[in-house]
Amino acid sequence: MALARMDNIVKRFGAVTALDGASLEVEVREVHALLGENGAGKTTLMRILAGRLSPDAGEVWLDGKRITRFTPQEAQRQGVAMVAQTFTLVLPLTADENLRLALRDRRAIKRAKELADELGWQLRWDAEVAALSVGERQRLEILKALAVNPRLLILDEPTSVLTPTETEALFGLLRRFVAADRALIVITHRLSEVAQVADRVTVLRQGRKVATVPATTPTEELARLMVGEVTVTETKLSRGQVGEVVLQVRDLWVRGDDGRWAVKGVGFTVRSGEIVGIAGVDGNGQQELMEAIWGLRRWERGEIRFMGAKGFASPCKWWRNGAALLPPDPMRRMLVLAWSLTRNAALRRQVEEQGWWLNWAKMRAIAEEWRQRFGVRAPSGDASLVNLSGGNRQRWALAMALAEPKRLFLLVNPTQGLDVASTKTVHALLNQLRADGAAILLVSTDLEEVLTLSDRVLVMFAGQLREAERQREAIGALMGGVGFEEERGATISAAS
């Protein structure tokens, strides 16, 4: 029996048609994966099912009853919960206060914290959400949704910041969840995960359903359904000539917002012509480390040097002196969603050039060139970012960070939320930048990405940093804290 059915759904945002007759059917006790390129309409379709958007045309059915009122409250009453990539958290409140605000039931609050323990998720319940990493916020959102025991749960990229061990634990919990006459829809770009957790797969392309197939369908066929007949080729990596030290960090100690040490005696170098990858579960000090390097957070001890000179006290000065930054939350820290692509590009140029007079014809040409080069699906450079999908916003953030040559690139999770083809394109671009002599510091919670791109791999755990052998098992063990115990609290200098 179908728990949820969506027939011929149409949704437009101004000149952008996000859904053009899309359909979906989910059975009871089923895990249903939803695949598609960025901008295919996956999140929009699920936001309609969760009551966060109203369709322009089409029908939605739950438990055999047609839904006519589309509000989050009505969806919750019908037993539908969704964890989107855009979080619904109150930043000045603590994690515990957010949990209580959302659930308002002692049993549900207790259940959420029990689930955190069951999954091995260490959450700082007394910390303000503004001080939590993106990964910690995502875990909090998942716990909020699971705690209310919905009949239909929708998860948008739930494993994007989880380790393989955490992913397996979550999948085990979700399999038990659907066994109790419930259903689960998972939006994912990780094709390797589909067979692990799903029963069936629906593929969207350009706002329409292409096919619904078994989850055992080969990944090559799933990729073909997503992108059409275009061949997605593997990135051929070429190691450049490693040269001079571009970025040097020595014995860096940084406190988190709670006053505790978030970064403990970290040291490393990044040279021209190499990519240094930092792996680790989000929330182990990566955010505080990058904020200290960018000049957004004060450090207690140590030094940061760029081309032998002291680092800069603000992101603007890094941009002006030959570095490019991609923060962990570009939607909040880098982009102005209410503005057009052109105005966002102009803002970055204004930061770099320190000028107030802009040639708007030139800026429109630059925005259009970036839009086409990075495959941003928008009608033109005058389109507002707020009307684009999350994946296309990420593409635009990458365009602003990577479109022009720099000496140093400081990147956090550059391909988070991107589809297979876009990820390959970004990897190829980073490979080319390295071959051209750029120095790249890549912080990523995607272990596969770190292994694929990095010349050297560092692992961060509980504020400490260690260099790792390029082996999945060794890196995975370090990400779980194995090997750090004897040095916890001590100064560590790695990869210098």
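Data table
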{"quantity": "Pairs, first under 26 Å from Gln241 (Cβ atoms) in region 445-460, second open to solvent by less than 40 Å² (accessible area, probe 1.4 Å) and hydroxyl-bearing (Ser, Thr, Tyr), C-beta under 7 Å, six or more apart", "calculated": "Glu449/Thr415; Val450/Ser444"}
{"quantity": "Listing of helices (runs of 4 or more DSSP H) fully contained in region 64-173 that carry 2 or more residues being open to solvent by 10 Å² or more (accessible area, probe 1.4 Å) and in contact with a helix residue (DSSP H, G or I) (Cβ under 8 Å, 6 or more places away or on another chain)", "calculated": "95-103, 106-119, 134-147"}
{"quantity": "Lone unmet requirement of (1) free of Cβ contacts under 8 Å to residues at least 40 places away in the same chain; (2) closer than 15 Å to Leu247 by Cβ for Arg332", "calculated": "(2)"}
{"quantity": "Selection status of Arg332, under 24 Å from the mean Cα position of the chain (by Cα), outside any loop (DSSP other than H, G, I, E, B), of a type in the set (Lys, Arg) and modelled with pLDDT of 90 or more", "calculated": "no"}
{"quantity": "Criterion violated by Asn344 - all others in (1) without any contact (Cβ under 8 Å) to a residue 24 or more places away in the chain; (2) part of a helix (DSSP H, G or I) satisfied", "calculated": "(1)"}
{"quantity": "Residues (closer than 23 Å to Arg393 by Cβ and in contact with an Asp or Glu (Cβ under 8 Å, 6 or more places away or on another chain)) located in region 43-78", "calculated": "Thr43, Met46, Gly51"}
{"quantity": "Complete set of residues in region 348-398 that are under 24 Å from Gly207 (Cβ atoms), open to solvent by 50 Å² or more (accessible area, probe 1.4 Å) and hydrophobic (A, V, I, L, M, F, W, C)", "calculated": "Val386"}
{"quantity": "Residue check, Glu141 over 21 Å from Ala179 (Cβ atoms) and touching a strand residue (DSSP E or B) at 6+ places or on another chain (Cβ under 6 Å)", "calculated": "yes"}
{"quantity": "Of all residues making up region 430-465, the number that are basic (Lys, Arg) and surrounded by fewer than 20 Cβ atoms within 10 Å (Cβ to Cβ)", "calculated": "1"}
{"quantity": "One residue from Glu59, Glu74, Glu97 being over 21 Å from the mean Cα position of the chain (by Cα) and closer than 17 Å to Glu141 by Cβ", "calculated": "Glu97"}
{"quantity": "Selected residue [modelled with pLDDT of 90 or more, of a type outside the set (Ser, Thr, Tyr) and over 25 Å from Lys42 (Cα atoms)] from Val178, Val129, Val186", "calculated": "Val129"}
{"quantity": "Residues (open to solvent by 10 Å² or more (accessible area, probe 1.4 Å) and in contact with a Leu (Cβ under 7 Å, 6 or more places away or on another chain)) located in region 42-53", "calculated": "Lys42, Thr44, Arg47"}
{"quantity": "Tally, over region 297-318, of residues that are open to solvent by less than 20 Å² (accessible area, probe 1.4 Å) and either closer than 18 Å to Leu398 by Cα or out of contact with any Gly (no Cβ under 9 Å at 6 or more places or on another chain) (or both)", "calculated": "1"}
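The values are calculated or read from the model by the stated rules, or taken from the named source; none is laboratory data. These numbers were taken from a predicted model, which means no experiment stands behind them. Cβ sites come from the backbone with ideal geometry, for glycine too, and all protein chains shown count toward neighbours. The protein model used for the area step is the full one, side chains on, heavy atoms only, and it has no ligands, DNA or RNA in it. Shrake-Rupley method; radii C 1.70, N 1.55, O 1.52, S 1.80 Å.
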